[in-house]
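Asks: Mind having a look at this structure? Questions to follow.
The values are calculated or read from the model by the stated rules, or taken from the named source; none is laboratory data. Here the structure is a predicted model, which means the values were calculated and not measured. With ideal geometry, Cβ positions are generated from the backbone for all residues, glycine too; neighbour counts draw on all protein chains shown. What goes into the accessible areas is simple: the full protein's heavy atoms, side chains included, and nothing from ligands, DNA or RNA. Shrake-Rupley method; radii C 1.70, N 1.55, O 1.52, S 1.80 Å.
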Amino acid sequence: MVMTKDATLLTPKPEDRFTFGLWTVGNRGRDPFGDAVRPTLSPANIVRKLSQLGAYGVTLHDNDLVPMDATLAQRDRIVAEFRTVLADYQMAVPMVTVNLFYDPVFKDGAFTSASSAVRQFAINKAKAAMDLGHALGANIFVLWGGREGVETEAAKDPRQALAWYREGINALTEYVVQQKYAMRIALEAKPNEPRGDLYLSTTGAMLAFIATLDHPELVGVNPEVAHAKMAGLNPVHEVAQALDQGKLFHIDLNDQRLARYDQDLRFGSDDIKGTFYLVKLLEESDYNGPRHFDAHAYRTEDVEGVWQFARGSMRSYLAYREAVKRFQQDNEIQAALHAIEQMNAQGPTLDSPEHIEWWRQRGYAYEALDQLVTELLLGMR
Ligand code: GLT
Ligand code: MN
Ligand code: MN
């Protein structure tokens, strides 16, 4: 089949539910070796531009919008102004998160800080961020434990750290119940960076941890493609497990090469086959939440490059989605799948040496199937 040239196919629309963190397009290109290369973009400017590009909404950390030292009156004014901007551009805020990693008070962690004073401060900050999320209409609260980890195991007993982590999250679900907020918490795992080792480093670890909480029904996961790859895992399988447990509350889409620092590359820009299967999984699942991009433009880019990055993230998702449709409609691929299915169904039961030998000898024809997918993704079908 020839690739479609219909220009509207790759035009993002609000119903596609694309969202971006204010911190993603707002990323100024700082890295451990170099300073900012781009100007600060105001939240209002980001909302306006993303809405023009066809996004559904934005997400934010408390301090992406409200400075950490703002008074309550200042906070209320900022929130009111921001709500006006959101209404003007018909943009939603489906998710809010809390920054528990930037300020130096959190250098030894937040919920897992060895100091009970810091832990309490972190819990209070997270509750205030939930209030902010509620005010903006968010029903997902993401928790990425940025500095919940260690460089040296001498510092804390990891079992104690997990107990503190649990106490922190239990305090937040208690708050949700008490305040009657229509909000669920999504835990985001990452194996390392900025700490040497982070606790609960994979989505699987998060899922097991959730079962030990006071209100497991209020807590799910927010897997990030790049973080799974940093752990050497297959993001498709991480997301599949979350779906299987009814715990995919949110998702962070980006890209990442193996064995590297946290690159947060534009979605689908590196691992084309892996991304294809992730989009296929999402589109074939009952997940109907936001398609949230947590990535940033290359440091080489100016502001125009940032908007190209945002536009490209959404167009790529749509292009992968079209590829999924072509996979579903490709006669040869479907016939190959059907033949494999038939062979599995019609193969003999393993009740005699000859029948066992049959299963030993059979081929699965996955080479031919994968080749078809490869050619499809290369635009040859
Ligand atoms: C930070 C991190 C992300 C998290 C964000 C939410 S902030 O950019 O790298 O993976 O999702 O706190
Ligand atoms: Mn993320
Ligand atoms: Mn990341």
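Asks: Among the aspartates and glutamates, which have Cα under 12 Å from the Cα of residue 13 when same-chain residues fewer than 8 positions away are ignored?
Replies: By straight Cα distance, residue 13 reaches no aspartates and glutamates at all.
Asks: What FRET efficiency do you get for residue 28 and residue 308 if R0 is 22 Å and r is their Cβ-Cβ distance, rounded to the nearest 0.05?
Replies: 0.85
Asks: Which lysines, if any, have their Cα less than 16 Å from the Cα of residue 325, not counting same-chain residues under 8 positions apart?
Replies: Cα-Cα hits under 16 Å: 5, 273, 280.
Asks: Given the protein chains as shown and a 1.4 Å probe, how many square angstrom of residue 107 are accessible, to the nearest 10?
Replies: 150
Asks: If one takes the longest principal axis of the Cα atoms in the chain, at what angle in degrees, from 0 to 90 and to the nearest 10, does the Cα axis of helix 303-329 lie?
Replies: Roughly 30 degrees between the two axes.
Asks: If you count only protein heavy atoms with a 1.4 Å probe, what accessible area per residue comes out for the stretch 288-381, rounded to a whole Å²?
Replies: 57
Asks: May I pose another question? Below 16 Å, Cα to Cα, which lysines can residue 190 reach? Residues fewer than 8 away in the same chain don't count.
Replies: By straight Cα distance, residue 190 reaches 229.
Asks: OK, next. For a quick protection proxy, order the peptides 234-243, 117-126 by their average other-Cβ count within 10 Å, most packed first.
Replies: Sorting 234-243, 117-126 by mean packing, highest first, produces 234-243, 117-126.
Asks: Moving on. Take each of the peptides 209-217, 187-195, average the number of other beta-carbon atoms within 10 Å over its residues, and list them starting from the highest.
Replies: 187-195, 209-217
Asks: Counting other Cβ atoms within 10 Å of each Cβ, which GluC sites (Glu not before Pro) in the stretch 82-181 have at most 11 and sit in a DSSP loop?
Replies: In loop regions of the stretch 82-181 (DSSP not H, G, I, E or B), the sparsely surrounded GluC sites (Glu not before Pro) are 151, 153.
Asks: Output the 0 to 90 degree angle, nearest 10, between the alpha-carbon long axis of helix 331-346 and the longest principal axis computed from the alpha carbons of the chain.
Replies: 70
Asks: Then there's this: Between the stretch 222-298 and the stretch 324-360, what's the alpha-carbon centroid distance in Å?
Replies: 29
Asks: Rounded to whole Å, give me the distance from the Cα center of the stretch 128-188 to that of the stretch 28-90.
Replies: Distance between centres, Cα-based: 22 Å.
Asks: Just the number please: accessible area per residue for the stretch 150-220, 1.4 Å probe, all protein chains included, in Å².
Replies: 45
Asks: Right, another one. Pick from 363, 268, 232 the residue whose mean-square fluctuation is largest in a GNM of the chain, springs joining Cα atoms under 10 Å.
Replies: Answer for the Gaussian network model of the chain: 363.
Asks: If you don't mind, there's one more thing I want to ask. Largest first and in whole Å, give the semi-axes of the chain's equivalent ellipsoid, each being the square root of 5 times a Cα gyration tensor eigenvalue.
Replies: So the three semi-axes of the chain are 38, 27, 19 Å.
Asks: For the stretch 106-151, what % of the accessible area comes from carbon and sulfur atoms, probe 1.4 Å?
Replies: Roughly 53 percent of what the probe reaches on the stretch 106-151 is carbon or sulfur.
Asks: State, as an integer percentage, the relative contact order of the chain based on alpha-carbon contacts under 8 Å between residues 6 or more apart.
Replies: Reported as a whole number, the value is 16 percent.
Asks: Packing-wise, with mean Cβ within 10 Å as the measure, how do 372-381, 91-100, 71-80 rank, highest first?
Replies: For the peptides 372-381, 91-100, 71-80, the packing ranking is 91-100, 372-381, 71-80.
Asks: Of the accessible area of the stretch 1-87, with the probe set at 1.4 angstrom, what percent is carbon plus sulfur?
Replies: Carbon-and-sulfur percentage of accessible area, whole number: 58.
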